[in-house]
């Protein structure tokens, strides 16, 4: 057998610290995905017959593009918050449950991404954005990715006025969070323009 051929024996060399961290992160992301799947199990993406996980996957994919454009040491925080970002707002998940399973920083990020049920309209968005701005920039990126994903396909069941207001809210998100990611900010601006032109 040539010297450069693998011998099919398992590699028993110890993992590097980077490899160990990558395996732990992958495991935690899988745990978060299964948790979100269970919590959003019966939900559909509004205006469609698609499971709500379709939206979470879209947010993660958009966020991933932003993370490739601007690598960060806290990609795990961004991805966990993206997967879990609607669990408090749209399911019976408590902040304490998120903290116990995914840590205090993830809980704080998801809480910031969740609108206060005691507020409505623009006041709710302004409040959420002010809480997001107290979090690491990776949480800002999740909000940008969430709005980009929501603007991908115009909601056919929405009136022209509702679409216009949603786009205006997108501009508010852009103005408040653009420093987090040049790539995601540019993508959001383009999506808003396309949405208004539909």
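The values are calculated or read from the model by the stated rules, or taken from the named source; none is laboratory data. Note that this is a predicted model, so its numbers are computed, not measured. Methodologically, a virtual Cβ is constructed for each residue, glycine included, from the backbone with ideal geometry; neighbour enumeration extends over all protein chains shown.
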For this session: Could you check, for region 132-152, whether at least one of its residues is more than 18 Å from the chain's Cα centre (by Cα) and exposed (fewer than 13 other Cβ atoms within 10 Å of the Cβ)?
Result: no
For this session: Could you tell me which residue of region 153-171 is nearest to residue 86 (Cα to Cα), considering only residues that are more than 18 Å from the chain's Cα centre (by Cα), touching a residue at least 24 places away in the same chain (Cβ under 8 Å) and in a helix (DSSP H, G or I)?
Result: 166
For this session: Taking the options 93, 72, name whichever one is part of a loop (DSSP other than H, G, I, E, B), within 18 Å of the chain's Cα centre (by Cα) and buried (at least 20 other Cβ atoms within 10 Å of the Cβ).
Result: 93
Exercise. Restricting the first residue to region 43-55 and requiring it to be on the phi > 0 side of the Ramachandran plot and at pLDDT below 90, which pairs with a second residue that is loosely packed, with under 13 Cβ neighbours inside 10 Å and in a loop (DSSP other than H, G, I, E, B) meet a Cβ separation below 7 Å and a spacing of at least six or different chains?
Worked result: 47/156; 47/157
